[in-house]
């Protein structure tokens, strides 16, 4: 933050979209635009010099796209930066989400879409300021709203972390299924692996060969089983195998 405002940088090859974003952000007194760039070289310099809290990053940059740019400088990003990708091509969205983009917009975007993204940003940063909330152990009311595009057999399905209770693998179909908080199920693409799922979020923890839980919904561990919070509390207790229990202990420093 700078002068008690969240700093914002915009990187877009199109000057028109830079102007649109600047005009849209001008009404928010909590935000301070610290610069904009129209290519990856100037964009990297802008990010590393200004260290913005919020970055609007166009995917279709000349010579190097936005996803590649962010991957290249990620070791140098030592502060908490929220990235909002935007693009006219859906093919980039999965890559954007896999590198933990806070959100994304599809071009051409509407004013209401920008407002919705910023509302989520302000809600998110306000929760981060609250004491006692840590990334890997959150109560249901304070969970991350990070968005994912989950590859299902019917295409990509947009989900937030708090919609997902756990993932279940069915050996006969050789397929993972995600169980949602409305008790519906989505069948993932057959080539989806446990590693793919875990890479979506640090909240997703594998407890046996057939189950990956959303740690946000973990209620307790009783012996070799774990129980989940509502609305998943009526599910059968899920077994935790010895190997994965050890990993759980190491990751969360369980005594």
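Here, each number is a calculation from the coordinates, and none is a lab measurement. Only a predicted model underlies this, so the values are computations on that prediction, with no experimental measurement involved. With ideal geometry, Cβ positions are generated from the backbone for all residues, glycine too; neighbour counts draw on all protein chains shown.
Here residue 171 and residue 199 are evaluated by their C-beta separation; at R0 = 25 Å the FRET efficiency comes out at 0.70.
As a proxy for reagent exposure, ranking 225, 192 by other Cβ atoms within 10 Å from fewest up yields 225, 192.
Based on other C-beta atoms within 10 Å, arrange 219, 176 from fewest to most. Can you show the working numbers first?
On the way: 219 12, 176 24.
Ordered by Cβ neighbours within 10 Å, fewest first: 219, 176.
Sorting 67, 13, 59 by the number of Cβ atoms found within 10 Å of their own Cβ, with the fewest placed first, yields 13, 67, 59.
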